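*Asks:* Structure provided below as structure tokens; questions to follow.
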Amino acid sequence: MQIELLKSDAMGRIERVSDGERCWIRRDTRCARLGLRWFARTAAAREARVLAALAGLDGFPQLISWHEGVLERSYMDGEPMQQAKPSQPAWYRQAHAMLKQMRRRGVAHNDLAKEPNWLQRANGMPGIVDFQIAWWRPRGGKLFRLLAREDLRHLLKHKRTYCAHALTPVEHRVLARRSWISRAWLATGKRLYKLIARRVFGYWDNEGQGRVRN
Ligand SMILES: Nc1ncnc2c1ncn2[C@@H]1O[C@H](COP(=O)(O)OP(=O)(O)O)[C@@H](O)[C@H]1O
Ligand SMILES: [Mg+2]
């Protein structure tokens, strides 16, 4: 068994595990900082529920197991957005289609402003990871729809950075329209989040690399 540490913080560890034949990702919350262990475990349990709701969809990690604070999910070969800098319109078309599939399954991701949560897979197509703060609302609802729209806005912001020429007039309009939720976030939530994250984790954004587009 080969284990490679991808990330370690107060919420636990992310490892890539390989047994020679297969390769998968393990989120281990048992080593989260003591005061945060319950929180880390709750977030991982949420991720397990969301991944189960996305089972079978291409480009999303598949849930392998969730047991005693350890979540295992399939590995997708590829590079995070901040390295790959996807510039092909096809990548964004596919990413948009993935957001629609997510929405149909009742999932809003809520953390897609972070570049490291997007991958460009080895086949050139997008991948989405990190469902710790995602919502699973099979019955939808107003707030769910708003959050799903925020997911799309975040994708379009990345598109504006790496593939601006392919933005359509409708997409420009979506970007220009700010929802009350993102305004409230910028006004208050983001500051509070930065403060807490700095205090607790020693960083605020995203594994110290890649940008966050709010
Ligand atoms: N299934 C996966 N396939 C490939 N890479 C992954 C996968 N899951 C995570 N990674 C890589 O590990 C990093 C950390 O995983 P993530 O789930 O985002 O943890 P965290 O919640 O701590 O940010 C990701 O940004 C990504 O680069
Ligand atoms: Mg992440």
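The values are calculated or read from the model by the stated rules, or taken from the named source; none is laboratory data. Given the structure is predicted, the values throughout are model-derived calculations rather than measurements. Cβ atoms come from the backbone with ideal geometry, glycine included; neighbour counts cover every protein chain shown. The accessibility values were calculated without ligands, DNA or RNA, using every heavy atom of the protein model including side chains. Shrake-Rupley method; radii C 1.70, N 1.55, O 1.52, S 1.80 Å.
*Asks:* Could you grab me the full set of residues in segment 76-98 that are in a loop (DSSP other than H, G, I, E, B) and at negative phi?
*Replies:* M76, D77, P86, S87, Q88
*Asks:* Answer yes or no: is there a residue in segment 168-188 that is within 16 Å of ligand 2 (Cβ to nearest atom) and either open to solvent by 90 Å² or more (accessible area, probe 1.4 Å) or of a type in the set (S, T, N, Q) (or both).
*Replies:* no
*Asks:* Mind telling me which of the residues Q132, Q101, Q120 ends up being within 16 Å of ligand 1 (Cβ to nearest atom), open to solvent by 30 Å² or more (accessible area, probe 1.4 Å), not in a loop (DSSP other than H, G, I, E, B) and not basic (K, R)?
*Replies:* Q120
*Asks:* Does segment 189-213 hold any residues that are modelled with pLDDT of 70 or more, within 14 Å of ligand 2 (Cβ to nearest atom) and touching a helix residue (DSSP H, G or I) at 6+ places or on another chain (Cβ under 6 Å), and which are they?
*Replies:* Matches in segment 189-213: G210, R211.
*Asks:* What number of residues in segment 61-75 are in contact (Cβ under 8 Å) with a residue 24 or more places away in the chain and in a loop (DSSP other than H, G, I, E, B)?
*Replies:* First, the residues of segment 61-75 that are in contact (Cβ under 8 Å) with a residue 24 or more places away in the chain: 61, 64, 68-75.
Then drop every residue that is not in a loop (DSSP other than H, G, I, E, B), which leaves 61, 68-69, 75.
Residues in segment 61-75 being in contact (Cβ under 8 Å) with a residue 24 or more places away in the chain and in a loop (DSSP other than H, G, I, E, B): 4 in total.
*Asks:* Can you name the residue in segment 23-60 that is surrounded by 21 or more Cβ atoms within 10 Å (Cβ to Cβ) and free of Cβ contacts under 8 Å to residues at least 40 places away in the same chain and is also nearest to the chain's Cα centre (by Cα) among such residues?
*Replies:* Filtering first and then ranking leaves A40.
*Asks:* So, of the residues in segment 104-117 that are in a loop (DSSP other than H, G, I, E, B) and open to solvent by less than 30 Å² (accessible area, probe 1.4 Å), which turns out to be nearest to A134 (Cα to Cα)? Give the derivation first.
*Replies:* Taking segment 104-117 and keeping what is in a loop (DSSP other than H, G, I, E, B), we get 105-106, 109-113.
Checking which are open to solvent by less than 30 Å² (accessible area, probe 1.4 Å) leaves us with 106, 109, 111-113.
Numbers: G106: 10, H109: 4, D111: 7, L112: 10, A113: 13 Å.
By that ranking, first place goes to H109.
*Asks:* Moving on. For residues that are more than 16 Å from L51 (Cβ to Cβ) and open to solvent by less than 20 Å² (accessible area, probe 1.4 Å), tally how many sit in segment 89-98.
*Replies:* 3
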